[in-house]
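Single-structure report; data block below.
No value in this document is a laboratory result; all are computed from the given coordinates. Predicted model, so just to flag it, every value in this text is computed and none were measured. Positions of Cβ are generated from backbone atoms using ideal geometry, with glycine treated the same way; all protein chains shown enter the neighbour counts.
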Amino acid sequence: MSERASFAQWIEGARPRTLPNAIAPVVAGTGAAAWLGAAVWWKALLALTVAVALIIGVNFANDYSDGVRGTDDDRTGPLRLVGSRLATPRAVLAAAITALSVGALAGLALALVSAPWLLAVGAACIAGAWLYTGGARPYGYAGFGEIAVFVFFGLVAVLGTQYTQAMRVDWVGVVLAVGVGALSSAVLVANNLRDIATDEPAGKITLAVRLGDARTRVLFQLLVALAGVLTFALMRATPWCAAGLIAAPLALRAIAPVRSGQGGVALIPVLRDTGLAMLVWAVVEAVALSVPH
């Protein structure tokens, strides 16, 4: 197969279905800032640029690292450029570096107009993006991927967005960060559940491989359910947050294939539905928290 991916294949390789994992925390963090009466739209756009660039960067970095390790030689999930021999490792690495550089520049601008110490946080985010599957001892191959997603795309992204706008965080921001982090982690849990059969022989010992099929399915359901529980906690701030339960049908649709024991390609829609549930939940809660109080 020739190593000349089409533009559409490069877009698919960026994994646009993961974008809710980047958009939702910024929306939630901006809603938390609005709750404090301090939402700043242009800072929200900078934060969104950082988040989207980082997730595209980490997707290409994973494509590159997994591809050169041979992890993607037998894969049932979304297209991987290196593993499918559609692009050279060098080209995919360049795409990863470009995306991460865009995120770094946007993060630099945001830190300089907010708090310079955030530069250290940004550096940690970029390191985390690369070392997930890159480097000599990638932590994604040791079962720590879900923890990293919870921290970076939950706690750091939501609270960082709130902080850069309001210059402080509060309990509402923390609850939103935990909820988004749980749902974002659930997306990775579903992805790794699907890949247990191929990851273990390739030496990629994810949390799903460690837990096994049955317990991984339980973990996924608990993470999704946690966001539902936190909806009621947010109602302490304003009853309007009950509207977050609008995301429940999407969450239940995501849970159904996992609960019924389906595997392989049948689990691919779970990633989409979990991401959509997270995005809807974040948007609705952000709007609810923006209502004058």
_the chain, helix-only ellipticity at 222 nm - DSSP H runs n ≥ 4, -39,500 (n - 2.57), divided by all residues, nearest 500_ = -22000 deg cm²/dmol
*State, as an integer percentage, the relative contact order of the chain based on alpha-carbon contacts under 8 Å between residues 6 or more apart.*
24
*Can you tell me the relative contact order of the stretch 1-123? Whole percent, Cα pairs under 8 Å, sequence separation 6 or more.*
31
*Could you give the size of the charge dipole of the stretch 15-290 about its Cα centre, using +1 on the Cβ of each K and R and -1 on the Cβ of each D and E, expressed in debye and rounded to the nearest 20?*
60
*Quick one: helix 248-259 against the long Cα principal axis of the chain, what's the angle to the nearest 10°, folded into 0 to 90?*
30
*Who wins for biggest fluctuation among Ala38, Ala127, Ala254 in a Gaussian network model of the chain, springs between alpha carbons below 10 Å?*
Ala127
*Quick one: if you stick a label point 7 Å off each Cα along the C-beta vector at Thr88 and His293, how many nm between them?*
5.5
*So what are the ³J(HN,Hα) numbers for the stretch 127-142, from phi and the Karplus equation (6.51, -1.76, 1.60; θ = phi - 60°), rounded to whole Hz, Gly and Pro as x?*
4, x, 4, 6, 7, 4, 10, x, x, 6, 9, x, 6, x, 8, 10
*Among 171-177, 181-187, the order from most to least packed when residues are scored by Cβ within 10 Å on average*: 181-187, 171-177
*State to the nearest 20 debye the size of the charge dipole of the stretch 150-293 about its Cα centre, where the only charges are +1 on K and R beta carbons and -1 on D and E beta carbons.*
140
*Specify the inter-centroid distance of the stretch 231-293 and the stretch 144-220, based on alpha-carbon positions, in whole Å.*
15
*Relative to the longest principal axis of the C-alpha atoms of the chain, give the angle of the C-alpha long axis of helix 41-69, reported between 0 and 90° and rounded to the nearest 10°.*
20
